[in-house]
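Asks: Here you go, one structure.
The values are calculated or read from the model by the stated rules, or taken from the named source; none is laboratory data. Note that the structure is predicted; figures quoted are calculated from it, not measured. Please note: Cβ atoms are built from the backbone with ideal geometry, for glycine as well, and neighbour counts cover all protein chains shown. What goes into the accessible areas is simple: the full protein's heavy atoms, side chains included, and nothing from ligands, DNA or RNA. Shrake-Rupley method; radii C 1.70, N 1.55, O 1.52, S 1.80 Å.
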Amino acid sequence: LGHLQAIDLEGRELGWSFDLEAPPTTSMLATAGGLVFVGDLDPSLKAFDETTGELLWQAKLDDLPSSSLVTYTVDGVQYVAVVVGTTLVAYALP
């Protein structure tokens, strides 16, 4: 029901694609570390390799992710945060 695609703008070709079991409910967030995050109706938060599109990590959520994603660092630990239902959830990144 959901589908992600990355486009190589220089080569004007499809870089990669990934079929999701549920449609996305958030914006996508690309990081300087080469990750792409998206939340979906599963409800879960997923991280992909920006080069290959490989699913690297996912976390099941208690409710639907319902906002844009943000990332931030505190004391050297990077977090990704999203509003879930009406609650803010943050995960420390490995």
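Asks: Report, please, the projected area of the chain averaged over directions, based on the convex hull of its C-alpha atoms, in nm².
Replies: Orientation-averaged projected area of the Cα hull: 6.2 nm².
Asks: For Val74 paired with Asp19, estimate the spin-label separation in nm (one decimal), with each label point 7 Å from Cα along the Cα-to-Cβ line.
Replies: Once both label points are built, they end up 4.0 nm from each other.
Asks: Still on this structure: Given H placed on each backbone N at 1.01 Å, which residues far from Ser44 in sequence or on other chains put an amide H within less than 5 Å of it?
Replies: For Ser44, the qualifying residues are Leu61.
Asks: Okay, next question. Over the chain, average the accessible area per residue using a 1.4 Å probe and give it in Å², no decimals.
Replies: The answer is 61 Å² per residue.
Asks: Right, here's the next one. Of Leu69, Leu20, Leu35, which has the largest mean-square fluctuation in a 10 Å C-alpha GNM of the chain?
Replies: Looking only at Leu69, Leu20, Leu35, the largest GNM fluctuation is found for Leu20.
Asks: Tell me, what % of the accessible area of the chain is carbon and sulfur with a 1.4 angstrom probe? Intermediate results must be reported in sequence, preceding the final value.
Replies: On the way: 2980 of 5740 Å².
Carbon and sulfur together cover 52 percent of it.
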